[in-house]
Amino acid sequence: MRFIQKIPFYFVMLSIFAFACSKNGEDCGCDGSTSRILDNREARYIGDGTFVVPDSILSVISVRACDVDTVWEISKDENNWNYTISGNVKNTCLGPNPELRLQAPGGPIQITYIKKN
C-alpha cells in the first residue's frame, strides 16, 4: 500500500528529471547566433570551404564557410593571403558531449564579402 502512495511522487520526480535533461535546439552552426564578426580580414583558402585567418590573440583561426563556392582557389603558399573576407563567425556545435570537448577557435562563417587578392 505504501508503494502505491509513492507512485505519484516518483512520477513527478521522473517528469522533472526528463524535462530538465531535454535539450532545445543548440545555438550553433550556420543557423546559430554570431560569436564574432570579421571585417575585411586577409585570409588563406586551404580547401573544403576552410579559410585560415590571422588573429591577434591566437596567431591564426580556422573558419569554415557555410556556403562554399567552387571557384575559390587554394593557396599554394602558406605565406600568401589570397583572399580578403568579411563575415559572421558562428558558434561551433560541440556534439553529444560538449562538456568533454574544448571549443576550437573559429567555426562556421557566413561570408558577407569576399575578394580575391
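No lab work stands behind these numbers, since they all come straight from the coordinates. Predicted, not measured: the structure shown is a model, and the values here were computed from it. Positions of Cβ are generated from backbone atoms using ideal geometry, with glycine treated the same way; all protein chains shown enter the neighbour counts.
Below, the figures for the structure above:
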{"read-out": "Sorted peptide list for 33-41, 81-89, criterion being average Cβ within 10 angstrom, highest first", "value": "81-89, 33-41"}
{"read-out": "Beta bridge orientation in segment 25-116: antiparallel %, DSSP, nearest 5", "value": "85 percent"}
{"read-out": "Using a Förster distance of 25 Å, the FRET efficiency for residue 115-residue 58 (Cβ separation, nearest 0.05)", "value": "0.55"}
{"read-out": "At most 14 other Cβ within 10 Å, DSSP loop - GluC sites (Glu not before Pro), segment 25-117", "value": "26, 73, 78"}
{"read-out": "All Cα pairs of segment 25-116, percent lying beyond 16 Å", "value": "52 percent"}
